[in-house]
Amino acid sequence: MIQSMTGFGKSSIDLSQKKINIQLRSLNSKRLDIYSRIPTVYREKELIFHKLISESLTRGKVDFTLSVEYTLGGRGSTINRATVQQYMEELKAIVSEETSEIELLKMAVRLPDAVTPAAAEIDEKEFEGIKKCLSEALKNLNEYRSDEGKALEEDFKIRIENLTDLLKQVEEVDPERIKVMRKRLETALADLKVEVDENRFEQELVFYIEKYDITEEITRLRNHLNYFTETLNLPESNGRKLGFITQEMGREINTIGSKSNDAAMQKLVVQMKDQLEKIKEQILNVL
């Protein structure tokens, strides 16, 4: 079963006088890239957070956000006045002149290090709670990815079925294509009104037609279609392998098109390329 690299997961946990919120968003990427937005006080644990994420996710661009809400009676935060004032000065230079000081302040306090939590240390109990919260968010993210993967799988199956049907049509028009090519050459030779060695002509004709034979391409493309389906049905998600298979499918379809020399077959090849292109677009999202 395949998984999408696109996903979202979140989780919250209530601790003593505070609430921890964790959100994870993932998009497609060739490798695992983790981008964190966490309060300064938790920075010392960032490598541990990354390790937990990498143990659960193998590929994707992951945005990891950890935020804190202090409950009634909880210890508040300290506003870094110098930092906020500097942010406001810089914002004035890039925002509209009509923007009020209040709006600038709202924007400034959301920026990094504008506010520092009063707590300077994280006790072990709190950290264990945060790790549990992160594990829950990762679980939700993977469930989301699996659901997205099911939708992608259904779409792939439809596209492969369409390609298989188009390949059958190519096989059906192929014999007639050869007959037309043969007739065309015989007519062109007859128009020349010259005597030729029939045996030699037949040999050259066979050699010429062999250059346009697509039997091997049809066989290889059918094998690639079957291999794609087999890989799709494996227990693990393997987007890279599916990507390699689609590349091979593309080569065979292109070769069939270049050898076809027939309008009816060219139309079928164009439809095959369209179906394959839609598969390639979605393969980029497969884990």
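The values are calculated or read from the model by the stated rules, or taken from the named source; none is laboratory data. Remember, it's a predicted structure, so these values are computed and weren't measured experimentally. Note that we place each Cβ from the backbone using ideal geometry, even for glycine, and neighbour counts take in every protein chain shown.
Structure data summary
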read-out: Matching residues in segment 112-124 - criterion: being under 39 Å from the mean Cα position of the chain (by Cα) and at pLDDT below 80; value: Pro112, Asp113, Ala114, Val115, Thr116, Pro117, Ile122
read-out: The listed residue being surrounded by 12 or more Cβ atoms within 10 Å (Cβ to Cβ) and either at pLDDT below 90 or in the same structural domain as Tyr212 (by TED's automatic domain parsing) (or both), out of Ile130, Ile94, Ile160, Ile102; value: Ile160
read-out: Unique residue being out of contact with any helix residue (DSSP H, G or I) (no Cβ under 9 Å at 6 or more places or on another chain), polar (S, T, N, Q) and assigned to a strand (DSSP E or B) when the list is Ser67, Ser29; value: Ser67
read-out: Tally, over segment 221-237, of residues that are surrounded by fewer than 17 Cβ atoms within 10 Å (Cβ to Cβ) and assigned to a helix (DSSP H, G or I); value: 6
read-out: Lone qualifier among Thr164, Thr78, Thr83, Thr99 - being within 35 Å of the chain's Cα centre (by Cα) and farther than 30 Å from Glu55 by Cα; value: Thr164
read-out: Residue match in segment 26-39 (condition: over 29 Å from Leu242 (Cβ atoms) and touching a Cys at 6+ places or on another chain (Cβ under 8 Å)); value: no
read-out: Test for Leu242: is it in the same structural domain as Met272 (by TED's automatic domain parsing), within 22 Å of the chain's Cα centre (by Cα), at pLDDT 95 or above and not acidic (Asp, Glu); value: yes
read-out: Residue list for segment 137-157, restricted to those being buried (at least 19 other Cβ atoms within 10 Å of the Cβ) and farther than 17 Å from Met1 by Cα; value: Ala137, Leu138
read-out: Qualifying residues in segment 36-59 (those that are outside any helix (DSSP H, G or I) and among the polar types (S, T, N, Q)) - the one modelled with the lowest pLDDT; value: Thr58
read-out: Pairs with Cβ under 9 Å, 6+ apart, first in segment 41-64 and within 12 Å of Lys131 (Cβ to Cβ), second assigned to a helix (DSSP H, G or I) and of a type in the set (Val, Ile, Thr); value: Tyr42/Ile130; Lys45/Ile130; Phe49/Ile130
read-out: Residues of segment 4-35 classified as modelled with pLDDT under 95, buried (at least 16 other Cβ atoms within 10 Å of the Cβ), more than 13 Å from Val286 (Cα to Cα) and not hydrophobic (A, V, I, L, M, F, W, C), total; value: 1
read-out: Selected residue [over 38 Å from the mean Cα position of the chain (by Cα) and farther than 23 Å from Leu27 by Cα] from Glu128, Glu89; value: Glu89
